[in-house]
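Worksheet for the structure shown next.
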Amino acid sequence: MSTTLFRNVSILDSTGADPYPGDVLVEDDRIAVVGTVDPARAEGARVIEGRGRTLMSGLCDAHTHFSWNNSADLDGLGTMPVEEHLLFCIESARTYIDSGYTMCLGAASAKDRLDVVCRDAIDAGRIPGPRYLANGPEIAVTGGALIKSITKFADGPEGMRKAVRELIELGVDQIKLSMTGEEITGTQRAEDTYFSDEEVAAAVTEAHRRGKRVCAHARSAESVRMCVRHGVDIVYHASFVDEEGLDMLEGAKDWVFVAPGLNWLVATLYEAEAFGFPQEAAEAVGYKKELEQAVKGLREMHRRGIKLLPGGDYGFAWTPHGTYARDLEHFVELLGFTPMEAILSATALGGEIMLRPHELGKVQPGYLADLILVDGDPLADITVLQDHDRLHYVMKDGRFHKESAADEAPAPDPGNMPATGTEQLVVQRA
Ligand SMILES: [Zn+2]
């Protein structure tokens, strides 16, 4: 058995409790003990001297695209050859876990099998990456694609059923419906809704029948209502949600997740100038209005207890991979979340959206050891999670993905350690 003892850490356990000082023992791939560790049980463990740094669950990104290739040109997603594209996805997966993300939910893949191949390679230990739920190309109806070259087209209920069946055959974990437009395309408006009720119903029924969930690009008020009406499990964006949509989401809050992808709106509005999309252009097509509307609706969702998760559609030139934790800052700064609420959304709710709330997203005995050791207090400053240099350790399944030799301490010796309260211990450093 391999054992690791994180000694004298500030434990942010994602139960909602305030962080508290203590030790955490990891045995093989699971968290064994949290709080006070019996030295006899930790005998022979590898010891990481925490010195008060924060130990918390790895983070979750609820709207991930390994295959979005940091391009400024949307069509670049379609024209990149598959060989280079797979290499890019492998690098994205590594960047996610480098960034402290141990859970990611795929929100569409630019080519058929990029996501599923990466998921399987991560699961097999062939490449580093977060736990991943894979998607396929997003489904759109004729005339309703955001980027034609990466879209799977389907029309009518029969067409939807066939598309869903084909994607399930590829091995996806969930299905993506691209139901509305997106202003940056120049032709597809965010408030245009392209799917019919019958199409959404058919796609969801077929996916659920096969045990797969459905997520949707849904910016318009109408699309949000359609999502809830037909059981779309994960609603992305929801920028223009109206009162009726809010009521419907509230009525469905036991099962529905909303992931707004806020950083996309913020960065497209304010930070895309160097890539040919200045703020005036973004405002002219409506991104400022959309951000304002979205913030209003999302604050109301938060007030009503609807499950909101960070995850920002990263992977465009102005929203590059590796900047994922900006979403948590937006939750605090724009949506009025406390830092604790933002962290719970990114960890405990992450475990829920990954369908494993009993073993992911918390620092609790029996949970999988997906942990990050952070140099700083993210409750005092949520932006520390954006600084990779302050993510001193990243562990997944009890194995270190990132570590630092500077913190090694001798293994506990049950003969001369107190049974409780290790904080006062003077550690002999090698
Ligand atoms: Zn997306």
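Against the numbered list (1) out of contact with any Lys or Arg (no Cβ under 8 Å at 6 or more places or on another chain); (2) surrounded by 23 or more Cβ atoms within 10 Å (Cβ to Cβ); (3) assigned to a loop (DSSP other than H, G, I, E, B), ARG119 comes up short only at (3). Scanning the range 4-28 for residues that are in a loop (DSSP other than H, G, I, E, B) and either at pLDDT below 95 or farther than 21 Å from ALA405 by Cα (or both) turns up ASP13, SER14, THR15, GLY16, ALA17, ASP18, PRO19. Among the candidates GLU300, GLU283, the residue that is open to solvent by 50 Å² or more (accessible area, probe 1.4 Å), over 30 Å from GLY52 (Cβ atoms) and of a type in the set (D, E, K, R) is uniquely GLU283.
Within the set LEU269, LEU308, the sole residue that is of a type in the set (A, V, I, L, M), farther than 21 Å from ALA110 by Cβ and at pLDDT 95 or above turns out to be LEU308.
Pairing residues of the range 230-245 that are surrounded by fewer than 24 Cβ atoms within 10 Å (Cβ to Cβ) with residues that are part of a strand (DSSP E or B), at Cβ distances under 7 Å and at least 6 apart in sequence or on separate chains, gives ASP233/ARG213; ASP233/VAL214; ASP233/CYS215; ASP233/PHE257.
Taken over the range 297-326, the residue count meeting the criterion of being closer than 17 Å to ILE234 by Cα and among the acidic types (Asp, Glu) is 1.
GLY76 meets each of the listed conditions (1) surrounded by fewer than 24 Cβ atoms within 10 Å (Cβ to Cβ); (2) within 16 Å of the ligand (Cβ to nearest atom); (3) in contact (Cβ under 8 Å) with a residue 24 or more places away in the chain apart from (3). Scanning the range 350-382 for residues that are open to solvent by 30 Å² or more (accessible area, probe 1.4 Å) and either part of a helix (DSSP H, G or I) or within 21 Å of GLU300 (Cβ to Cβ) (or both) yields a single hit, GLU352.
One line per residue, one yes/no per condition, for (1) more than 16 Å from the ligand (Cβ to nearest atom); (2) charged (D, E, K, R); (3) under 16 Å from GLY261 (Cβ atoms); (4) at pLDDT below 95:
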residue	(1), (2), (3), (4)
PHE153	yes, no, no, no
GLY159	yes, no, no, no
ILE175	no, no, no, no
THR193	yes, no, no, yes
ALA203	yes, no, no, no
GLY211	yes, no, no, no
ALA218	no, no, yes, no
VAL228	yes, no, no, no
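For the range 21-57, name all the residues that are basic (Lys, Arg) and closer than 12 Å to PRO365 by Cα. Answer for the range 21-57, where residues must be basic (Lys, Arg) and closer than 12 Å to PRO365 by Cα: just ARG30. Restricting the range 282-305 to residues that are closer than 26 Å to MET354 by Cβ and in contact (Cβ under 8 Å) with a residue 60 or more places away in the chain leaves a set whose member that is farthest from the ligand (Cβ to nearest atom) is MET301.
Of everything listed in (1) buried (at least 23 other Cβ atoms within 10 Å of the Cβ); (2) among the charged types (D, E, K, R); (3) in contact with a Leu (Cβ under 7 Å, 6 or more places away or on another chain), the single unmet condition for ASP313 is (3).
Of everything in the range 200-216, what is open to solvent by 10 Å² or more (accessible area, probe 1.4 Å), within 23 Å of the chain's Cα centre (by Cα) and closer than 20 Å to ALA154 by Cα? Give them in sequence order. Those that are open to solvent by 10 Å² or more (accessible area, probe 1.4 Å), within 23 Å of the chain's Cα centre (by Cα) and closer than 20 Å to ALA154 by Cα: HIS208, LYS212, ARG213.
The values are calculated or read from the model by the stated rules, or taken from the named source; none is laboratory data. Owing to the predicted nature of the structure, the values given are computational and were not obtained by experimental measurement. Cβ sites come from the backbone with ideal geometry, for glycine too, and all protein chains shown count toward neighbours. With ligands, DNA and RNA removed, areas are computed over all heavy atoms of the protein, side chains included. Shrake-Rupley method; radii C 1.70, N 1.55, O 1.52, S 1.80 Å.
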